[in-house]
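The values are calculated or read from the model by the stated rules, or taken from the named source; none is laboratory data. Keep in mind it's a predicted model, so treat the numbers as computed, not measured. Neighbour counts run over all protein chains shown; Cβ positions are idealised from the backbone, glycine included. What goes into the accessible areas is simple: the full protein's heavy atoms, side chains included, and nothing from ligands, DNA or RNA. Shrake-Rupley method; radii C 1.70, N 1.55, O 1.52, S 1.80 Å.
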There are 2 protein chains.
Amino acid sequence: MVDHVLDVLKSCSLLSGLPEAALREVAPLARVRPFQANEVLYQRGEVQSALSVVGAGNVRIGSTNAEGREIMLTLFEPGAWFGDTVFSPGMPRVFGATAHTDGELVEVPGQDYRALLARYPEAYPRTLDMLSRRLWSAISIIEDNALRDMPGRVGRRLLFLAHMHDPQRGPGPVTFKLTREHIANMMGMTRQGVHGVLKALEQRGLIRFSYGRITVPDPDALKAYLDERTG
Amino acid sequence: MVDHVLDVLKSCSLLSGLPEAALREVAPLARVRPFQANEVLYQRGEVQSALSVVGAGNVRIGSTNAEGREIMLTLFEPGAWFGDTVFSPGMPRVFGATAHTDGELVEVPGQDYRALLARYPEAYPRTLDMLSRRLWSAISIIEDNALRDMPGRVGRRLLFLAHMHDPQRGPGPVTFKLTREHIANMMGMTRQGVHGVLKALEQRGLIRFSYGRITVPDPDALKAYLDERTG
DNA sequence: CTGAGACTGTCAACCGGTTTACAGTTGGCG
DNA sequence: CGCCAACTGTAAACCGGTTGACAGTCTCAG
C-alpha cells in the first residue's frame, strides 16, 4: 500500500527534487482517495489545503459560475499535481477539481508537505521552478485569449495539452478524449463554435476528429500553421 | 547609494522574508536603472534572468503581437517585483515590461538572488507563498475573462488594481491614472467598448472618470454590485 | 499663453460567434 | 441486441462589441 503511494509520489514532477528517503517519510501520511468519473473532488472556495497527486485517471480543473456555465482550465494526467494553496495556507481554492474518468488521488496534508520541505530545503529551488512554470502557463493562456481568434486559441490549447500529456513526446500524433463541449468550456466558447473551428482545421489536414476524440497527427505542423497565422 | 537600494529592497514583499543582514549582502550586487516614461525595459522572449524591483514610478507588464495589438496584464507600483524567470533560469520572459511613468528599477542578478535564498532557506516559504498568490491572480483573470461580460470584467479588474495599489487600503476611494486605451488593452477590448462600460458604471454612481483618470469612490459598493450581477 | 499632440465622445456599419432549435449518430448498458 | 442518453451536425436569427471615421476636449511643453 505504502509502496504504491510511494510510486505515485515518485512520478510527480513537483516532488522529484526530494530524495527518496523524504518521500518514504511522507508516504505513510498520505491518503489514497479513489474516485469515479464526474465525481466532484474539490470545490472552488474551499480553504483546506492539501497537495494532491493524480495516481490514476484524469482530473478536470475548472469552476462553474452561478448560471451553470463551466470553465475548464486544464486536464490532468497521472503524475500531475494540484492544490497550489499548499503554498499559501488559508487561501481559498480558485478552481475546483472534477474527476474526468475513474481513477485515484494521493493526498498529502499541506502541513506535512510544508514540514517536509523545511526538512529538505535542497528541494526548494525545484519547487519554485515548478510553480513558476505553472504561472508561465497561466499567463500564456491569458495572452492567447486576448490576442488570438478562435482557431488560434483552440489550436494553441491543443498543443498545450499535447505538451502536458507528455512533455518529452516525440513528433508523433496525440489523441485526446474530449468532447466538443469540453473544449468549448476550456476556451469560453460554445459547442457549435468549436465545431466550426475543428472543421476548418480538419480541412487543412491539421487535425482529425470523431465521436469524443480528437487527434493531432502532427503537432509540429499545427504549430507552424498557428505561428504563421499571426506572424 | 547602497542605502537607497537597501530601502527599495526592503519595500519589496517578495524579499520581506529575508533578514536585513541578507538584504545588505545583495544590495551592493544590485544595479539601479532609471527609466523614462514609455521606455521598453524588457522584451518578451528575452532569456536573461534578473529580479527587478520597482524603486519609483509605474511599470506596465504586457506584450504586443505582430499586428501591434497590445495586451497589458497589470500595472506595477513601487515595491512590486517582476521577472519571475529568476525561478526558472533559461526560460524566456512571457511578458515584456514598459515604463508607464518616469522612475527607477533595482535589478538583482538572478544568480545572486538564488544564491542568497540558498544561504537563507528560511525565506523560501514566503517566496513560495508570493509566487503562489501571483498564480492565483493569473487564474482569477482567466476565470473572469471566460465567465464575465465586459462590465463584469472591467469592474473586477479595477478592484484588482485597487488591491494591488494598496493591499491594506481602507474603504476609501482609489484613483488610477489610466487612459481608456490602457484599460482596453488590459481587457482585450477597444477604447470605444471601454467607454460604453465606464459610462454605464458611472450612471450607477460606482465610478467617476475624467481625462486620463478613473476613480472608484467606494470599492466595496462596486464589489457588491459585481457579485450581485452574476450571483 | 498658445499650439500641437494625446486623449475623448459618438455614431453607423459590420461581423464573429452565440443562441435557439431540431434532427441525426454513436456507444454503452441492461 | 436493442434502447436510451450522451454526443454531434447544421442552419437561421440575433446581438455584443469591434471597426472606422471624425469632431471636440484637455494637457503640457515651450
For the pair B and A, the solvent-accessible area buried on both sides (1.4 Å probe; DNA, RNA and ligands excluded), in Å² to the nearest hundred, is 3800 Å²
Rounded to two decimals, the Rg over Rh value of the protein assembly as shown from Cα coordinates and the Kirkwood Rh reads 0.96
In terms of the charge dipole of chain A, which places +1 on Lys and Arg and -1 on Asp and Glu at the beta carbon, the residue among A:A184, A:V106, A:S13 farthest towards the positive end is A:A184
Note: the stretch A:56-102 at 4 °C, 1.567 mPa s; Kirkwood Rh on alpha carbon pairs; Stokes-Einstein D in µm²/s works out to 111 µm²/s
Here P(r) for the stretch B:25-67, Cα-Cα distances in 10 Å bins, as whole percents, is 18, 52, 25, 4, 1
For chain B the mean separation of alpha carbon contacts under 8 Å (6+ apart) over residue count, i.e. relative contact order in percent, is 20 percent
The size of the Cβ-based charge dipole (Lys, Arg +1; Asp, Glu -1) of the stretch A:87-215 about the Cα centre, to the nearest 20 debye, is 440 debye
Label points for A:M150 built 7 Å along Cα→Cβ; distances to same position in the other copies, nm, shortest first, come to 1.9
Expressed to one decimal in nm², the mean projection of the alpha carbon convex hull of the stretch A:2-121 is 6.9 nm²
With A:P151 itself left out, Lys, Arg at +1 and Asp, Glu at -1 over residues whose Cβ is under 15 Å from its Cβ give +4
For the protein assembly as shown, the percent of accessible surface on carbon and sulfur atoms (probe 1.4 angstrom, ligands and nucleic acids excluded) is 51 percent
Counting other chain Cβ atoms within 10 Å of each Cβ in A:88-101 and taking the mean gives 2
Using eta = 1.002 mPa s and T = 20 °C, Stokes-Einstein with Kirkwood Rh from Cα pairs puts D for the stretch A:148-229, in µm² s⁻¹, at 170 µm²/s
To the nearest 10 degrees, the tilt of helix B:110-119 (Cα long axis) against the first principal axis of the alpha carbons of chain B is 70 degrees
Diffing the stretch B:217-224: the Karplus 3J(HN,Hα) column from phi (6.51, -1.76, 1.60, θ = phi - 60°), in whole Hz with x for Gly and Pro, holds x, 9, x, 5, 5, 4, 4, 4
Among A:S132, A:P89, A:N145, the residue whose Cα sits farthest towards the positive end of the charge dipole of the stretch A:75-231, when +1 is placed on the Cβ of each Lys and Arg and -1 on the Cβ of each Asp and Glu, is A:N145
For the stretch B:104-199 the trypsin sites (Lys or Arg not before Pro) that pass both the DSSP coil test and the at-most-13 other-Cβ-within-10 Å test are B:R169, B:K177
Inter-chain shielding metric for A:141-149, i.e. average beta-carbon neighbours from other chains within 10 angstrom, reads 6
Note on the stretch A:148-229: contact order normalised by length, alpha-carbon pairs under 8 Å, 6 or more apart, percent, works out to 39 percent
Here the stretch A:200-213 yields Karplus 3J(HN,Hα) values (6.51, -1.76, 1.60; θ = phi - 60°; whole Hz; Gly and Pro given as x) of 5, 5, 5, 4, 8, x, 7, 9, 9, 8, 9, 3, x, 9
Which of B:S16, B:S49, B:S132 fluctuates most in a GNM of chain B (C-alpha springs under 10 Å)? That residue is B:S132
Filtered pair list for the protein assembly as shown (Lys only, Cα < 24 Å, 8 or more apart or interchain) has a length of 6
For peptide A:110-117, the mean count of other chain Cβ atoms within 10 Å per residue Cβ is 1
Those trypsin sites (Lys or Arg not before Pro) from the stretch A:1-102 that are DSSP loop and have at most 16 other Cβ neighbours within 10 Å turn out to be A:R44, A:R69
Cα-based Rg then Dmax for the stretch A:81-231, in Å, read 18.2, 55
To the nearest Å², the heavy-atom accessible area per residue of the stretch B:148-229 with 1.4 Å probe amounts to 52 Å²
Mean accessible area per residue over the stretch B:1-65 (1.4 angstrom probe, all protein chains present, square angstrom) is 47 Å²
One quarter of the C-alpha convex hull surface, i.e. the mean projected area of the stretch B:71-168 in nm², amounts to 7.8 nm²
When every protein chain stays in place and a 1.4 Å probe is rolled, A:S137, A:S52 sorted by accessible area with the largest first are A:S137, A:S52
Once all protein chains are kept in place, B:V94 shows an accessible area at probe 1.4 Å, nearest 10 Å², of 20 Å²
